[in-house]
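The values are calculated or read from the model by the stated rules, or taken from the named source; none is laboratory data. Since the model is a prediction, treat every value here as computed from it, not as a measurement. In this analysis, Cβ positions are derived from the backbone assuming ideal geometry, glycine residues included, and neighbour counts consider all displayed protein chains.
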Amino acid sequence: MIRIGFLMSDTGGGHRAAGRAIEAALHHRHPDTFECEYFDVFRSCGMPPLNRAPEIYPWWVKRHQPSYDLFVSAIDRTMASRAGRGTLSHLIGRKGPLGRAYATWAVAVILHAGFAGLAVAARRASGVRIPLLTVITDMASPHSGWFHPQVDRCLVPTQSAIEKGLKLGMPPDKLRLVGHPAHPKFALVAKTRAEAREELGWDPNLPTALVVSGAEGMGGMEALGRSLDGLGAQLAIVAGKNEALAARLREISWKNPTHVYGFVTNMETLMKGADVLIGKPGPGVIAEAAIMALPMILTGGMANELANVRFVTEAGAGVYAKTPDEVRTILAAWVASFADRARHAQNSQRIAYPNASLDIADEIAALAREHASAAASA
């Protein structure tokens with residue numbers, strides 16, 4: 001088995017979800033060939049408080065998102081400079097855990113905005129020459145930390161990400177537009193909408209809105225859900241890992257059919273059964289909804305996700321609503337107008353990259369073969 005290392009951190013669910021999508025694509029495209037290891041760089045290499053980043057992130061975002069947004073913006077400006085990209089190298093030693101891990105991998109895949117420079121520094125310090133491939137899991141305006149000219153390949157989700165990479169000095173031949181890595185099951189799902197609804201136990205005839213807010217279930221979901229009740233639409237609300245939120249939602253006496261879920265592993269079925277996606281403008285959910293041709297009502301989100309809103313709205317794939325009342329108004333209009341929903345759905349499908357994870361898997365396989373060939377001839 002050929003070992004692939006994913007450099008990520010569980011600061012939010014997106015990095016691991018992207019890794020799982022790529023891992024599934026590797027197994028689909030190249031069965032019984034690759035095994036994947038998830039290397040949480042903050043936990044393994046970080047000094048306090050970095051080694052507690054997965055716990056700090058949801059706490060910080062939930063309690064004071066503006067200061068988190070300011071922090072991310074400041075780091076983005078720092079990483080945009082050559083000096084800034086080199087500031088992490090002092091955390092890496094020749095005998096550090098990342099360098100030791102390199103010795104067991106054929107390719108290292110970077111899945112976090114802060115780790116491109118660190119990955120390059122670790123490779124230099126360790127003396128282990130393995131290919132480094134960055135898969136950008138931001139969307140319309142990626143953080144500057146994703147880009148480093150010494151990675152071997154940089155796979156990006158949008159044309160605007162290509163343009164930012166070029167401005168930051170990335171060699172053009174190292175950049176490739178592939179889309180965001182959604183799990184291949186979204187493109188491969190074969191069931192019809194009617195079959196999905198039957199499987200889920202949903203009303204087969206009502207217009208249905210799927211309401212999601214990330215793995216942590218953040219972002220005022222209870223108020224949003226309550227605001228959407230009574231429109232004649234069926235609701236499916238995914239509370240993620242927020243079990244307390246899911247329990248509160250299940251206690252509500254809903255006027256219209258409403259299905260409440262915690263953390264789910266069948267999002268492709270939920271999306272297949274829905275008519276509209278309502279959620280925060282995270283890159284993963286946008287990519288998945290586009291593959292499933294769902295029109296989107298985006299709401300909330302962090303400062304670095306507002307570029308994703310522009311990407312979706314300028315494409316005509318969805319609209320943005322600042323408040324639960326605005327979401328309610330838009331959903332009411334879409335419930336009343338099939339033609340309006342259909343137009344946004346068509347535009348949503350136009351921004352989809354259903355084969356992104358499969359293309360990424362092929363890039364990894366090619367780099368692994370090149371590495372093996374170079375090692376054999378050395």
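Points to keep in mind about this one:
- Residue match in the range 165-184 (condition: surrounded by fewer than 18 Cβ atoms within 10 Å (Cβ to Cβ) and within 23 Å of Gly279 (Cα to Cα)): no
- Counting the residues of the range 233-249 that are modelled with pLDDT under 95 and either loosely packed, with under 15 Cβ neighbours inside 10 Å or not aliphatic (A, V, I, L, M) (or both) gives 7.
- Those residues of the range 226-244 which are under 28 Å from Glu55 (Cβ atoms), part of a helix (DSSP H, G or I) and not acidic (Asp, Glu), in sequence order: Ala244
- Residue pairs whose Cβ atoms lie under 6 Å apart, separated by 6 or more positions or on different chains, with the first residue in the range 245-270 and in a loop (DSSP other than H, G, I, E, B) and the second among the small types (Gly, Ala, Ser), are Lys255/Gly230; Gly262/Ala239; Gly262/Ala246; Phe263/Gly240.
- Test for Gly201: is it crowded, with 22+ Cβ neighbours inside 10 Å and at positive phi: no
- Of everything listed in (1) of a type outside the set (S, T, N, Q); (2) free of Cβ contacts under 8 Å to residues at least 60 places away in the same chain; (3) closer than 18 Å to Thr137 by Cβ; (4) part of a helix (DSSP H, G or I), the single unmet condition for Cys36 is (4).
- Checked against the criterion of being in contact with a helix residue (DSSP H, G or I) (Cβ under 6 Å, 6 or more places away or on another chain), free of Cβ contacts under 8 Å to residues at least 40 places away in the same chain, crowded, with 22+ Cβ neighbours inside 10 Å and within 22 Å of Ala161 (Cβ to Cβ), the candidates Ala317, Ala352 yield just one match: Ala317.
- Only residues that are charged (D, E, K, R) and under 22 Å from Ile136 (Cα atoms) were counted in the range 269-297, giving 2.
- For Lys255, the test of being charged (D, E, K, R) and closer than 23 Å to Tyr68 by Cα is failed.
- Scanning the range 121-162 for residues that are of a type in the set (D, E, K, R), more than 17 Å from the chain's Cα centre (by Cα) and closer than 28 Å to Pro281 by Cα gives a single hit, Arg153.
- All positions within the range 39-48 that are more than 12 Å from Thr11 (Cβ to Cβ) and either under 19 Å from the mean Cα position of the chain (by Cα) or not in a helix (DSSP H, G or I) (or both): Phe39, Met47, Pro48
- Within the range 137-177, the set of residues being in contact with a helix residue (DSSP H, G or I) (Cβ under 7 Å, 6 or more places away or on another chain) and within 19 Å of Ala368 (Cα to Cα) comprises Gln150, Val151, Asp152, Arg153, Cys154, Leu155, Leu175.
- Residues in the range 188-225 that are at pLDDT below 95 and either assigned to a helix (DSSP H, G or I) or of a type in the set (S, T, N, Q) (or both): Leu188, Ser213, Met221, Glu222, Ala223, Leu224, Gly225.
- Among the residues making up the range 324-378, those that are within 16 Å of Ala289 (Cβ to Cβ) and among the aliphatic types (A, V, I, L, M) are Val327, Ile330, Leu331, Ala342, Ala345, Ile351, Ala352, Ala356.
- Residue tally, condition among the polar types (S, T, N, Q) and under 15 Å from Phe115 (Cα atoms), over the range 45-69: 1
- When Thr313, Thr299 are screened for being β-branched (Val, Ile, Thr), farther than 18 Å from Leu210 by Cβ and in the same structural domain as Asn256 (by TED's automatic domain parsing), only Thr313 passes.
- Residue match in the range 301-314 (condition: surrounded by 24 or more Cβ atoms within 10 Å (Cβ to Cβ), in contact (Cβ under 8 Å) with a residue 12 or more places away in the chain and more than 21 Å from Asp138 (Cβ to Cβ)): no
- Failed condition for Phe115, given (1) buried (at least 24 other Cβ atoms within 10 Å of the Cβ); (2) over 21 Å from Arg16 (Cβ atoms): (2)
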